[in-house]
Amino acid sequence: MNGRVVGFIVLGITALAALVPFVDHQAELPIWQHHLLHAGLMAGGALAGILITGRPRGSTGGSGFWLLPALLAPMFAMFAMWPSAYSYFELHPMGHVLEHIVLIALAYITTAAAESYAAGLGWLIGGAMIFMAVAAARGFGVTFGNGS
């Protein structure tokens, strides 16, 4: 099976995982676990972007335009995971699913654009994006201890 086919399979499985709030919309996860779930969804979108768009190593570089979405999409993804929005998403499964789809799409855009610029760059930028989501699980919008 070629990489593009595998990429579309990964994207399909990841999109199905985005529908989890429809199955169990009453489940409340702590924010840190929610960030890890989002990191997993973004990992699927990022991997699909690399597999579908990837170019052979050593191929000539693409237009510098591709750096813009490759660098901006991860920032938009971090804003899409803003913890104060979670109370809304816990009550509105459709909005929650839409948030998941946006995160997957932004991860896909990140790596697809990076791969379009230079072969192998999607792995680096996509990995950094996933790292940001995992790192955010430890303290992004979360207060530990007595609040001081």
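The values are calculated or read from the model by the stated rules, or taken from the named source; none is laboratory data. Please read all numbers here as calculations on a predicted model, not as lab measurements. For neighbour counting, all protein chains shown are included, and Cβ atoms are generated from backbone atoms with ideal geometry for every residue, glycine included. Remember, those area values only see protein heavy atoms, side chains included, never the ligands or the DNA or RNA. Shrake-Rupley method; radii C 1.70, N 1.55, O 1.52, S 1.80 Å.
In a simple Cβ point-charge model (Lys, Arg +1; Asp, Glu -1; nothing else charged), segment 1-130 has a dipole of about 560 debye relative to its Cα centre.
Length gained on full extension, LEU29 to ARG138: 37.8 nm, using 0.36 nm per residue less the C-alpha separation. Sequentially through segment 102-113, phi angles give Karplus couplings (6.51, -1.76, 1.60; θ = phi - 60°) of 4, 5, 5, 5, 5, 5, 4, 4, 4, 6, 5, 5 Hz, Gly and Pro residues having no value and appearing as x. TRP123 sits with roughly 140 Å² accessible to a 1.4 Å probe, with DNA, RNA and ligands left out of the calculation.
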